[in-house]
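Notes to accompany the following structure.
The values are calculated or read from the model by the stated rules, or taken from the named source; none is laboratory data. Nothing here was measured: the structure is a model prediction, and the numbers come from that model. Don't worry about glycine lacking a Cβ; one is built from the backbone with ideal geometry, like all the others, and counts go over all protein chains shown.
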Amino acid sequence: MRKPLVVGNWKMNGSRESARDLLRAVIAKETEGLDLMVCPPFIFIDMAAELVKASGIELAAQNLASHQVGAFTGEVSAEMLVEFGCSHTLVGHSERRVLFGETDEIVAAKFVSALNGGLAPILCVGESLAQREAGETDLVVMQQLEEVLKVAGIAGFERSIVAYEPVWAIGTGKSATAEEAETVHRLIRSRLAEESKQVGDKIRVLYGGSVKPENAKELFAMDNIDGALVGGASLDAKAFIEICEAAAK
Ligand code: PGA
């Protein structure tokens, strides 16, 4: 049995005070029966680490450098993130891919950089609306996965998590249906299982894209949906807690 996991991606939102209040509210209602993670902006990670200390909540970064150390102005390394309390990091979120030009190659380098620095990557994959409409969903997602498999090997997935996030569902209020998501989740798992049955069975595949309390239950009822990567709704403690409760059932 894979333990459900819910990850809240705060993106570039909040102030020191609002981030503190949000995290305190989530800690106060910490749900049993699932793993819970939040991804604060870099600058709030230190504060968040202090707050989550006595809880079971873990911290993930939203992004990291593809290099380990050196003259890379403005970048943050995996090792720094570990030192400041992160156990995981998102890699290849579609906003990084689309808005900041991260290619499959850069995403793969960041995946390896995370592992080398001691962070478990949460690899985000997903197709655009045009790609879905052209019937290319499977192709695109497999290509994104393949690029990482090529450099990290299946061993790289032993501690990792995959998040299927259709780009057209992110921040739009329009989620994939549970069946649409399940089809892609099954594909991801079976591709990894081809390389290692053990990794395929064990790896958690999260769904992301307009997850809300209203659709969480239906999504989590699917065999291959092991939790969620939540954006907008993770900024609202009540909604986020309800999603966590749905995952724990
Ligand atoms: P959303 O974002 O829940 O606001 O759609 C999901 C994500 O970007 O991870």
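Tabulated data
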item	result
Test set (1) in contact with a Cys (Cβ under 9 Å, 6 or more places away or on another chain); (2) away from the ligand (no atom under 16 Å from the Cβ) - G117 fails condition number	(1)
Filtered residue count, region 1-33, keeping only those that are at negative phi, within 16 Å of the ligand (Cβ to nearest atom) and surrounded by 15 or more Cβ atoms within 10 Å (Cβ to Cβ)	9
Residue identified as touching an Asp or Glu at 6+ places or on another chain (Cβ under 9 Å) and either within 15 Å of the ligand (Cβ to nearest atom) or in a strand (DSSP E or B) (or both) among A228, A247, A239	A247
Top-ranked residue in region 205-221 [being surrounded by 23 or more Cβ atoms within 10 Å (Cβ to Cβ) and among the aliphatic types (A, V, I, L, M); ranked as nearest to the ligand (Cβ to nearest atom)]	V211
Residue match in region 82-94 (condition: crowded, with 17+ Cβ neighbours inside 10 Å, aromatic (F, W, Y), modelled with pLDDT of 95 or more and in contact with a helix residue (DSSP H, G or I) (Cβ under 7 Å, 6 or more places away or on another chain))	no
Only listed residue being in contact (Cβ under 8 Å) with a residue 60 or more places away in the chain and surrounded by fewer than 16 Cβ atoms within 10 Å (Cβ to Cβ), chosen from V98, V125	V98
Count - residues of region 149-204 that are within 14 Å of the ligand (Cβ to nearest atom), hydrophobic (A, V, I, L, M, F, W, C) and under 15 Å from A228 (Cβ atoms)	7
Count of region 191-211 residues which are of a type outside the set (K, R) and under 30 Å from E242 (Cα atoms)	11
R159, sole failed condition from (1) crowded, with 22+ Cβ neighbours inside 10 Å; (2) part of a loop (DSSP other than H, G, I, E, B)	(1)
Unmet criterion (only one of (1) touching a residue at least 12 places away in the same chain (Cβ under 8 Å); (2) closer than 19 Å to G231 by Cα; (3) of a type outside the set (F, W, Y)) for S18	(1)
Test: residue in region 39-61 that is surrounded by 14 or more Cβ atoms within 10 Å (Cβ to Cβ) and over 30 Å from A248 (Cα atoms)	no
So P41, is it closer than 19 Å to S87 by Cβ, within 16 Å of the ligand (Cβ to nearest atom) and either modelled with pLDDT of 95 or more or in contact with a helix residue (DSSP H, G or I) (Cβ under 8 Å, 6 or more places away or on another chain) (or both)	yes
Top-ranked residue of region 7-50 - restricted to ones that are in a strand (DSSP E or B) and out of contact with any Phe, Trp or Tyr (no Cβ under 8 Å at 6 or more places or on another chain), ranked as nearest to E75 (Cα to Cα)	N9
Residue under evaluation G118, criteria (1) in contact with a Phe, Trp or Tyr (Cβ under 9 Å, 6 or more places away or on another chain); (2) within 25 Å of S234 (Cβ to Cβ); (3) among the small types (G, A, S), criterion not met	(1)
Those residues of region 59-88 which are in a loop (DSSP other than H, G, I, E, B) and closer than 22 Å to L23 by Cβ, in sequence order	Q62, N63, L64, V76, F84, G85
